[in-house]
Amino acid sequence: MKNLNFKYLFGLILTLFMIGVNAQTQTINFGDIKNYAVDEADGPNGTAGSTYEWTVWTTAPTPVDITAGGILTITPQTASKNKVQINWGTTLAGTYTLHVIETNATCKGDEQFITVVINAVNQPTLKADNASTCSGVAVNFVIENAPANSKVKFTISGGTSTTTSPVTTDSSGKATIEVTPTAGSTQIEVILTEMELSNGTIVDINPDVSEQVIVTPEVSTSTITFD
């Protein structure tokens, strides 16, 4: 059994070494759900009498099977599992390999694999259009560099806004929150805490992103006196 395990691991390492030479590469976003299939030309369940086993491996420094690690889910779409759907879930950004092995009776086919590259999630920035504002005068807090069409949760202290949380970014990852200081406030602070990506994946913004604006107290001038 140890020899078999060693041979399998050696074969996997050799396979990964050849990735740059002949493997297909798929690039996806964090949290994507994707479909994969083999032997569709042989029928809806692939080759008659065959079953298929899918695994996901890291690529460096030492390959590790993460299939059962709880960060992704492989759901068979057919009885033979020649078609599967993978929810990549919280699999971290990086490079992985997706493998499939066909078994018919006691015979195994050649292992097929592709490289899957998961893009990192953009971390948003937050910038006020002014470092200070007057009492009762609104100021804009601008979110940039967020994932396109994501929903960004935020909190506000020292002010109020007609924009409700979460705010949805546009295709460039930008959104604006207009905040008006509350009476007596000396500072407005907006904090970005969480994002929901366009694919529905929830991403914690860690550490939180925040921006502050100083509020100048209301200026009250007395009436003119004269003699």
Karplus (6.51, -1.76, 1.60) ³J(HN,Hα), θ = phi - 60°, over region 146-151, in Hz, Gly and Pro reported as x = 7, x, 4, 6, 8, 10
The chain: relative contact order in percent, alpha carbon pairs under 8 Å with at least 6 residues between | 16
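Of the accessible area of the chain, with the probe set at 1.4 angstrom, what percent is carbon plus sulfur?
Details: 7100 of 13350 Å².
C and S atoms contribute 53 percent here.
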Between region 92-106 and region 196-227, what is the C-alpha centre distance in whole Å?
-> 51
Which whole number of Å³ per residue matches the convex hull of the alpha-carbon atoms in the chain?
-> 162
Gain on full stretching of the segment that runs from Gln77 to Ile202 - 0.36 nm per residue minus C-alpha separation | 42.5 nm
Region 157-173 and region 18-87: distance between their alpha carbon centers, rounded to Å = 38
What pairs from Lys34/Lys81; Lys81/Lys151; Lys34/Lys127 go past 25 Å between their alpha carbons?
-> Lys81/Lys151; Lys34/Lys127
For the chain, with every protein chain kept in place, what is the accessible area per residue (1.4 Å probe, Å²)?
-> 59
Classify region 35-93 as rounded, prolate or oblate, taking a ≥ b ≥ c as the square roots of the eigenvalues of its Cα gyration tensor: rounded when a/c is under 1.5, otherwise prolate if a/b is larger than b/c and oblate if not.
-> prolate
Under a 5 Å amide H to amide H cut-off, with H placed in plane at 1.01 Å, what residues pair with Asn29 once short-range neighbours are removed?
-> Asn119
Can you tell me the relative contact order of region 135-227? Whole percent, Cα pairs under 8 Å, sequence separation 6 or more.
-> 31
Projected label distance in nm at Ala183 and Thr155, using a 7 Å step from Cα toward the beta-carbon = 2.5
Give the long-range amide H neighbours of Val116: residues separated by 5 or more places, or on another chain, with amide H under 5 Å away, using H modelled in the peptide plane at 1.01 Å from N.
-> Gln26, Tyr96, Thr97, Leu98
Cut-off under 5 Å, modelled amide H: who pairs with Gln187 long-range = Val215
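The values are calculated or read from the model by the stated rules, or taken from the named source; none is laboratory data. Note that the coordinates shown come from a computational prediction; the quantities given were computed from them, not determined experimentally. Quick reminder, even Gly has a Cβ in these numbers, built from the backbone with ideal geometry, and neighbours come from all protein chains shown. Surface accessibility is based on the protein's heavy atoms, side chains included, excluding ligands, DNA and RNA. Shrake-Rupley method; radii C 1.70, N 1.55, O 1.52, S 1.80 Å.
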